[in-house]
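What follows is a single structure, written as structure tokens, with notes after it.
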Amino acid sequence: MIHDPIADMLTRIRNAINREHRFVDVLFSKMNQNILKVFQAAGFIEKVIVSKDERKIRVYLKYSRDRKSFISKLKRESSPGRRRYVGADSLPVLQGGLGKAIVSTSHGVMDAEEARKKNVGGELICSIW
């Protein structure tokens, strides 16, 4: 039984990057799917294939020509035991704007930059750079 599916997804992606795998399978959930859409829109992963029958999501990782991953760090910010909420005025800027903070808002899951434009805060889920 997995108590934190988001942390499990991030750990699977980190492990796959360390082993330089082409893709990784993660457990299907709407939250995982929405987080991966933000990763894909930001250019950190190549593509996402959802298989609801098998309850999994296949994530194709993105590498440069010299096999260096586009993701250098993935960090879970909020956990089930300790939720971390931020207001629209205190959303983080990571790595001088090169990284993304993923926020779950009342308008859906989005990166901090988009949440700042819409002037909404929410739960800070994870950071990627």
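The values are calculated or read from the model by the stated rules, or taken from the named source; none is laboratory data. Note that this is a predicted model, so its numbers are computed, not measured. Ideal geometry is used to build each Cβ from the backbone, glycine not excepted, and the neighbour counts take in all protein chains shown. Note: accessible area is taken over every heavy atom of the protein model, side chains too, but ligands, DNA and RNA are not part of it. Shrake-Rupley method; radii C 1.70, N 1.55, O 1.52, S 1.80 Å.
Identify all residues within the stretch 79-119 that are in contact with a His (Cβ under 9 Å, 6 or more places away or on another chain), open to solvent by less than 20 Å² (accessible area, probe 1.4 Å) and either without any contact (Cβ under 8 Å) to a residue 24 or more places away in the chain or part of a loop (DSSP other than H, G, I, E, B) (or both); write none if there are none.
Hits for the stretch 79-119: nothing passes.
Mind checking which residues of the stretch 22-51 are open to solvent by 60 Å² or more (accessible area, probe 1.4 Å) and either of a type in the set (K, R) or in contact with a Leu (Cβ under 6 Å, 6 or more places away or on another chain) (or both)?
Within the stretch 22-51, R22, K30, K37, K47 meet the criteria.
Which one of these is farther than 18 Å from C126 by Cβ and either open to solvent by 40 Å² or more (accessible area, probe 1.4 Å) or without any contact (Cβ under 8 Å) to a residue 12 or more places away in the chain (or both): R14, R19?
After ruling out the rest, the residue left standing is R19.
Matching residues to (1) touching a strand residue (DSSP E or B) at 6+ places or on another chain (Cβ under 9 Å); (2) not aliphatic (A, V, I, L, M):
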{"position": "Q33", "(1), (2)": "yes, yes"}
{"position": "L61", "(1), (2)": "yes, no"}
{"position": "S64", "(1), (2)": "no, yes"}
{"position": "L98", "(1), (2)": "no, no"}
{"position": "G121", "(1), (2)": "yes, yes"}
{"position": "I128", "(1), (2)": "yes, no"}
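List the number of the failed condition for R67; all other conditions in (1) under 16 Å from H21 (Cβ atoms); (2) outside any loop (DSSP other than H, G, I, E, B) hold.
Going through (1) under 16 Å from H21 (Cβ atoms); (2) outside any loop (DSSP other than H, G, I, E, B) one by one, R67 breaks only (2).
What number of residues within the stretch 19-32 are outside any strand (DSSP E or B), closer than 18 Å to I71 by Cβ and under 14 Å from the mean Cα position of the chain (by Cα)?
Residues in the stretch 19-32 being outside any strand (DSSP E or B), closer than 18 Å to I71 by Cβ and under 14 Å from the mean Cα position of the chain (by Cα): 1 in total.
Answer with yes or no whether R67 is over 16 Å from W129 (Cα atoms) and either touching a residue at least 40 places away in the same chain (Cβ under 8 Å) or open to solvent by less than 50 Å² (accessible area, probe 1.4 Å) (or both).
So R67 passes the test.
Go through the stretch 120-129 and report how many residues are within 12 Å of V86 (Cα to Cα) and open to solvent by 10 Å² or more (accessible area, probe 1.4 Å).
4
Given the residues G81, G108, which is the only one that is of a type outside the set (D, E) and modelled with pLDDT under 95?
G81
Would you please list the contacts, defined by Cβ atoms under 9 Å and residues six or more apart or on different chains, that run from a residue in the stretch 33-60 that is closer than 16 Å to C126 by Cα and charged (D, E, K, R) to a residue that is part of a strand (DSSP E or B) and open to solvent by 30 Å² or more (accessible area, probe 1.4 Å)?
Here the result reads K37/V48; K37/V109, each pair linking the stretch 33-60 to a residue that is part of a strand (DSSP E or B) and open to solvent by 30 Å² or more (accessible area, probe 1.4 Å).
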